[in-house]
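Every number here is computed from the coordinates shown, using simple stated rules; none is lab data. Everything quoted here is computed from the prediction, not taken from an experiment. Note: ideal-geometry Cβ built from the backbone for every residue, glycine included; neighbour counts use all protein chains shown.
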């Protein structure tokens, strides 16, 4: 599965169908996510791991989240769709104690916090702040109270929405990124022969349009319905 989604808030998804990574142990130096379960997960349960790496940008060790869906450990030969989640500007941090801010919205929020059974491996890194946390209000004024806690029971299944093959979203009331600014790029993509190009404007939403996008079902169905040439779409996985 190869597909891309962009939302106006600055976050995005890139999906690819590939071989599942081997389970990676969480870094012993990294603080555990505040909302992660403390008990040892069963083989059938979803897992949220922290994986450490050396950053070429900051020359320091940084962590990223690796979400393994329910049932991942039961069949090591199964090929799972992979989502690389790129968060918006307000979720930047040191990728250590501040990594939990990545869980405030997006597919990781849906899969881990809301306990929604999404059949994806999710890789969620955190961008550095590069010192902007001292000058940008929405970084300077955030607190850990902004990070949602994992639900105990999870949410019930949500109804299937209209099956729109969504590619790009914008908020009609967004004062930061105006809807008109999208058209030049979209028109260029169309001129270059982009297929299934869609642009959806949520007229009643502002800059946080991604909250509705990721909370729905259409985007996940759309991603699972695509595959590389010769590969089988993953839509039959169900969730």
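Per-structure values
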{"quantity": "Relative packing of 111-124, 50-63, which averages over residues the other C-beta atoms within 10 Å, highest first", "calculated": "111-124, 50-63"}
{"quantity": "Theoretical FRET efficiency, 1/(1+(r/R0)^6), r = Cβ-Cβ of residue 94 and residue 115, R0 22 Å, to 0.05", "calculated": "0.20"}
{"quantity": "Calculated FRET efficiency for the pair residue 138/residue 204, C-beta based, R₀ 25 Å, to 0.05", "calculated": "0.70"}
{"quantity": "Full-stretch length increase - residue 77, residue 184 - with 0.36 nm per residue and alpha-carbon distance subtracted", "calculated": "34.2 nm"}
{"quantity": "Centroid-to-centroid separation of the range 75-93 and the range 114-158 [C-alpha atoms, Å]", "calculated": "13"}
{"quantity": "Inter-label distance for residue 153 and residue 192, nm, one decimal - labels placed 7 Å from Cα along Cα-to-Cβ", "calculated": "4.8"}
